[in-house]
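Input: a single structure, listed below in structure tokens.
The values are calculated or read from the model by the stated rules, or taken from the named source; none is laboratory data. As the structure is a prediction and not an experimental result, all values here were calculated from the model. Note that we place each Cβ from the backbone using ideal geometry, even for glycine, and neighbour counts take in every protein chain shown. Calculation scope for accessible area: heavy atoms of the full protein, side chains included, ligands and nucleic acids excluded. Shrake-Rupley method; radii C 1.70, N 1.55, O 1.52, S 1.80 Å.
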Amino acid sequence: MKLTPVHKALEIILNQSEDFGVEQVNFIDSLGRVLKEDIIADRDFPPFNRVSMDGVAVSFQEFEKGIRIFEIEGVQAAGSAQLTLKNSSNCIEIMTGATLPKNADVVIPYEQVKIENGFAKVTIEETLYFKNIHRKGKDQKEGDIIIHKNTLISPAEIGVITTVGKSKVTVAKHPKVMIISTGDELVEVNETPKEYQIRRSNVHTLVSLLKQLQIPSETTHIKDDKDALKSKIEQYLIDYDVLLFSGAVSKGKFDFIPEVLDELGVDKLFHRVAQRPGKPFWYGKKDDKSIFAFPGNPISTFVNCIKYFYPWFQKSVGLESDNKEFAVLAEDITFKPQMTYFLQVKLENKNGTLLAIPVHGNGSGDLANLVKVDAFLELPADKTEFKKGDIFPILRYRSF
Ligand SMILES: Nc1nc2c(c(=O)[nH]1)N[C@H]1C(S)=C(S)[C@@H](COP(=O)(O)OP(=O)(O)OC[C@H]3O[C@@H](n4cnc5c(N)ncnc54)[C@H](O)[C@@H]3O)O[C@H]1N2
Ligand code: MOO
Ligand SMILES: [Mg+2]
């Protein structure tokens with residue numbers, strides 16, 4: 001049967017993105033979420049003439065006249081209401097973060113002043129009007145949009161959100177996701193497997209891959225029993241927006257997922273992609289529900305989640321995902337099949353260039369190899385020889 005090319009599979013999936021609406025969350029819980037409102041300056045930035053050095057505030061005009069000794073009239077701390085310089089030839093001691101006193105228009109730092117017996121003796125010959133003052137409204141004006149809708153919220157955005165006083169933020173709502181493992185060979189993490197059994201690690205990898213995008217999910221396990229699969233999946237198709245499967249999509253006698261989904265009225269949009277690993281990937285849709293059925297081999301599940309589910313989700317919540325990352329292949333690679341090859345690589349930054357160093361494992365079942373790796377290098381299907389120095393897109397799962 002004909003395999004769907006990777007770019008086509010991705011295109012099909014992206015065309016099925018869904019809007020899950022918006023919700024309000026506490027500002028501190030908005031980290032990693034997608035903003036769904038513009039964040040507007042509630043006042044000027046800075047909101048007052050903010051002194052930026054500890055020292056003395058004086059009149060620039062008096063300084064220009066040659067006055068260098070100023071009697072200290074008072075002290076203006078950060079957080080206290082604005083004082084007025086009553087006598088223009090006096091000064092006010094002033095602290096960083098304080099509002100500039102009325103009638104003062106320059107700050108001389110303590111390093112350039114000698115304080116003695118209630119007088120400040122200035123030791124510099126030159127200064128500038130408004131020196132050491134962060135002028136009101138210089139950064140942003142009240143009413144300016146500081147963060148646009150559809151921005152991914154990072155710690156920098158949290159700073160702005162809080163400074164404008166938004167304790168609640170409108171963000172994209174996440175889909176309700178169920179992650180399902182299948183297979184009679186699988187046992188729980190806290191169980192001791194028999195010689196022919198293994199622990200169901202893939203679902204926990206998937207939960208974690210989703211958690212990296214702040215998407216909560218639930219998991220369950222279903223035995224290789226067609227009736228059980230059918231009745232459970234039927235309910236999940238009602239209760240969840242997205243189902244992620246791991247396993248039972250290939251040619252085996254107990255690979256029931258494609259036929260069960262078909263019998264439940266899920267439209268298959270493709271089955272089998274021209275890629276390695278992850279070829280038997282099945283994707284379908286029922287009404288507005290997306291069903292990603294990943295092949296059970298751990299690396300197949302892993303790479304398909306990053307390659308297909310991640311951009312589908314990002315598009316669904318309104319994030320631009322055209323910010324592809326690239327790396328330079330560090331050694332020659334040959335891959336003969338007419339398939340996209342997701343090569344496991346370690347990333348290394350060498351003099352500003354991101355190098356992709358292949359780390360060969362033993363195929364898509366070798367999950368231990370992934371801990372030595374940072375990303376997959378996407379080698380296109382239309383070539384067989386990939387040369388050291390060539391540049392290819394990467395799918396990265398470690399950010400630092
Ligand atoms: N005759 C053919 N056999 C296979 C083909 C093929 O084209 N023709 N494709 C191979 C490829 S490629 C892959 S990938 C796998 C996909 O298999 P399934 O999606 O059907 O998955 P399973 O058979 O259920 O399991 C495969 C493998 O993965 C392990 N597994 C499954 N779930 C988990 C889990 N949650 N945690 C850890 N490991 C899991 C399972 O034990 C098997 O070892 O098919 C090839 N065969
Ligand atoms: O496509 Mo499979 O993932 O090579 O084992
Ligand atoms: Mg199978």
Separation of the range 356-400 and the range 190-245 by C-alpha centroid, Å?
-> 26 Å
Calculate how steeply helix 201-211 sits against the longest principal axis of the alpha-carbon atoms of the chain, using the helix alpha-carbon long axis, and give the answer as 0 to 90 degrees to the nearest 10.
-> 30 degrees
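Quote the FRET efficiency, to the nearest 0.05, computed for ASN15 versus LYS102 with a Förster distance R0 of 51 Å and r equal to the Cβ-Cβ distance. Write down the numbers at each step before the final one.
Details: r = 62 Å, r/R0 = 1.21.
FRET efficiency, ASN15 to LYS102: 0.25.
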Backbone N within the range 273-294 under 18 Å of label point (7 Å from ILE238 Cα along the Cβ vector) | 286-290
Amide H of ARG199: which non-local residues (sequence gap of 5 or more, or other chain) have their own amide H closer than 5 Å, using H built in the peptide plane?
-> VAL187
Size of the dipole of the chain about the Cα centre, Lys and Arg at +1 and Asp and Glu at -1 on the beta carbon, nothing else charged, in debye to 20?
-> 580 debye
Give me the distance in nm between label points sitting 7 Å out from Cα along the Cα-to-Cβ direction at THR123 and LYS141, one decimal.
-> 4.3 nm
Using 0.36 nm per residue, how much length does the chain from GLN197 to SER167 gain when fully extended, once their Cα-Cα distance is taken away?
-> 5.9 nm
Hey, which of these cross-link pairs are over 22 Å Cα-Cα: LYS336/LYS388; LYS168/LYS289; LYS230/LYS251; LYS211/LYS286; LYS324/LYS350; LYS211/LYS251?
-> LYS168/LYS289; LYS211/LYS286; LYS211/LYS251
Distance in nm between pseudo-label sites at ILE67 and HIS148 (7 Å out along the Cβ direction from Cα) = 5.0 nm
Which whole-number percent gives the relative contact order of the chain, counting Cα pairs below 8 Å spaced six or more residues apart?
-> 16 percent
Determine, at each q value in 0.07, 0.08, 0.12 (inverse angstroms), the log₁₀ of I(q)/I(0) that the Debye formula gives when each Cα of the chain is one equal point scatterer.
-> -0.52, -0.61, -0.94
Using the Karplus curve 6.51 cos²θ - 1.76 cosθ + 1.60 with θ = phi - 60°, work out ³J(HN,Hα) for each residue of the range 282-296 in order, rounded to whole Hz, and write x for Gly and Pro.
-> 10, 10, x, 9, 10, 6, 9, 9, 9, 10, 9, 10, 7, x, x
For PHE119, which sequence-distant residues (separation of 5 or more, or a different chain) have an amide H within less than 5 Å of its own amide H, given hydrogens modelled in the peptide plane?
-> ILE72
In nm, give the distance between the simple-model label positions of LYS350 and LYS251, each being 7 Å from the Cα along the Cα-to-Cβ direction.
-> 4.1 nm
What is the extension gain from VAL160 to LYS114, computed as 0.36 nm multiplied by their sequence separation minus the C-alpha to C-alpha distance, in nm to one decimal?
-> 12.7 nm
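Of the trypsin sites (Lys or Arg not before Pro) in the range 240-280, which ones lie in a loop per DSSP and count no more than 16 other C-beta atoms within 10 Å? It would help to have the intermediate numbers written out before the result.
On the way: sites: LYS251, LYS253, LYS268, ARG272; in loops: LYS251, LYS253, ARG272.
Qualifying residues, ordered by number: LYS251, LYS253.
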Charge dipole (debye, nearest 20) of the range 83-130; +1 at Cβ of Lys and Arg, -1 at Cβ of Asp and Glu = 220 debye
Per-residue accessible area, 1.4 Å probe, largest first, puts LYS346, LYS121, LYS36, LYS86 in the order LYS86, LYS121, LYS346, LYS36
When ranked by the protection proxy of mean other Cβ atoms within 10 Å per residue, highest first, what sequence do the peptides 361-370, 297-306, 19-28 form?
-> 297-306, 361-370, 19-28
Relative to the present Cα-Cα distance, how much length would full extension add between PHE48 and SER80 at 0.36 nm per residue of separation?
-> 10.3 nm
Using modelled amide H (1.01 Å from N, peptide plane; none on Pro or chain starts), what sits under 5 Å from the amide H of LEU269, excluding residues fewer than 5 places away?
-> TYR283, GLY284, LYS285
Would you work out the relative contact order for the range 50-134, in percent, from Cα pairs under 8 angstrom that are 6 or more residues apart?
-> 40 percent
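Rounded to a whole number, what % of the accessible area of the chain do carbon and sulfur atoms account for, probe 1.4 Å?
49 percent
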Ignoring ligands, DNA and RNA, what accessible area per residue does the chain give at 1.4 Å, in Å²?
-> 51 Å²
Whole-Hz Karplus ³J(HN,Hα) for the range 231-246, in order, using 6.51 cos²θ - 1.76 cosθ + 1.60 and θ = phi - 60°, x for Gly and Pro?
-> 5, 5, 5, 4, 5, 4, 5, 8, 7, 10, 8, 9, 10, 10, 10, 10
At a Förster radius of 56 Å, what calculated FRET efficiency corresponds to the Cβ-Cβ distance of LYS230 and ASN26, to the nearest 0.05?
-> 0.85
Give the cross-link partners of LYS138 among the lysines, using a straight C-alpha distance below 26 Å as the criterion and excluding same-chain residues fewer than 8 apart.
-> LYS102, LYS149, LYS166
